[in-house]
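**Student:** Have a look at this one.
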Amino acid sequence: MAAVALFHSVLGLRPGIEDAAERLRAAGHDVHVVDYYGGGLAFDDYEPAMAHAEEVGFPALMGRALEEVRDLPDGFVPAGFSNGAAMAQYVAGSRPVAGALMFAGAIDPQYLGVGWPQGAPAQIHTTVDDPWRDEGIDAAVAAIEAAGGTVEVFDYPGSGHLFADPSLPAEYQPAEAELLWERVLAFLDRIGR
């Protein structure tokens, strides 16, 4: 089974992150929930969450994300939601990993200052009408493929940004979330062998 470092979204350590961790643990994976805000901070709305992230600064948050996984053995899988997907990408470019999972987006690697690890596979999961979806996904895909990695991009119907988070009823899409987890577990089974 795989060791997974799970990065929260800009909303922090909401209940949906622990739900995701428990789902992965139930499938036999070792999950380390990364609190790169510190202190279990969580937000209910995006505006104050984004203000907090901007106040701390994204370089500082990336440094914290990397520091939080320092004790994990090489070959783990960084996985993250939205802003946490960018943290997962940054960690993947900074540590030897088995692969990476990005939910609700991916970022153009030029903004991270690290490349993609040679040959590492990835999955990206987003909804087609996510209001925050942008060309960062295409840039991430190009970087992964240029490094010899395989990448699966899954586009789900709907507009939920954090569509796999049951603690956000305005965004949660149960059917799409179940399909996401089915695909994620298959990915982890493939790379965990």
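What follows draws every value from the coordinates through simple rules; no lab data is involved. Small disclaimer: the values here were computed from a predicted structure and weren't measured. When we count neighbours, we look across all protein chains shown, and the Cβ atoms used for this are built from the backbone with ideal geometry, even at glycine.
**Student:** Using alpha carbons only, how many angstrom separate the centre of region 125-148 from the centre of region 42-71?
**Tutor:** 21
**Student:** Per the helix-only calculation at 222 nm, which mean residue ellipticity applies to the chain, given -39500 (n - 2.57) for every DSSP H run of n ≥ 4 and division by its residues, nearest 500 deg cm²/dmol?
**Tutor:** So the helix-based figure for the chain works out to -12000 deg cm²/dmol.
**Student:** Let me ask another. Output needed for region 3-191: three equivalent-ellipsoid semi-axes, defined as square roots of 5 times the C-alpha gyration tensor eigenvalues, in descending order, whole Å.
**Tutor:** 21, 19, 17
**Student:** While we're looking at this one, here's another question. Could you give me the ³J(HN,Hα) list for region 71-79, computed from phi with Karplus coefficients 6.51, -1.76, 1.60 and θ = phi - 60°, whole Hz, x at Gly and Pro?
**Tutor:** With coefficients 6.51, -1.76 and 1.60, one gets 8, 6, x, 4, x, 6, 10, x, 9 Hz.
**Student:** I'd like to compare 75-88, 139-152, 46-59, 7-20: which one has the highest average count of other Cβ atoms within 10 Å, and what's the full order after that?
**Tutor:** 75-88, 7-20, 139-152, 46-59
**Student:** Oh, and also: Sorting check: for 160-169, 63-72, 115-124, which peptide has the highest mean count of neighbouring beta carbons within 10 Å, and how do the rest follow?
**Tutor:** 160-169, 115-124, 63-72
**Student:** How much length is gained on full extension from Val56 to Glu22, taking 0.36 nm per residue of separation minus their Cα-Cα distance?
**Tutor:** Extending this stretch completely gives an extra 9.4 nm.
**Student:** Moving to a separate point now. In terms of modelled amide H atoms, which long-range or inter-chain residues lie less than 5 Å from the amide H of Ala5?
**Tutor:** Under 5 Å from the amide H of Ala5: His32, Val77, Ala79.
**Student:** Which ³J(HN,Hα) values, rounded to whole Hz and listed in residue order, are derived for region 86-103 from phi using the Karplus coefficients 6.51, -1.76 and 1.60 in 6.51 cos²θ - 1.76 cosθ + 1.60 with θ = phi - 60°, glycine and proline given as x?
**Tutor:** For region 86-103, the Karplus-derived couplings read 5, 5, 5, 4, 4, 5, 4, x, 10, 9, x, 10, 8, x, 8, 10, 10, 10 Hz, x marking Gly and Pro.
**Student:** Then there is this: So what's Rg/Rh here for region 78-189, counting alpha carbon atoms and using the Kirkwood radius for Rh?
**Tutor:** With Rh from the inverse mean 1/r over Cα pairs, Rg/Rh is 0.95.
**Student:** Next up: Step through the residues of region 139-156 one at a time and calculate ³J(HN,Hα) from phi using the Karplus curve (6.51 cos²θ - 1.76 cosθ + 1.60, θ = phi - 60°), rounding each to whole Hz and writing x for Gly and Pro.
**Tutor:** Using θ = phi - 60°, the values come out as 5, 5, 4, 4, 5, 5, 5, 5, 8, x, x, 9, 9, 9, 10, 10, 9, 9 Hz.
**Student:** Could you calculate the FRET efficiency of Met1 with Arg183 from 1/(1 + (r/R0)^6), where r is the beta carbon distance between them and R0 is 25 Å, rounded to 0.05?
**Tutor:** So the FRET efficiency works out to roughly 0.90.
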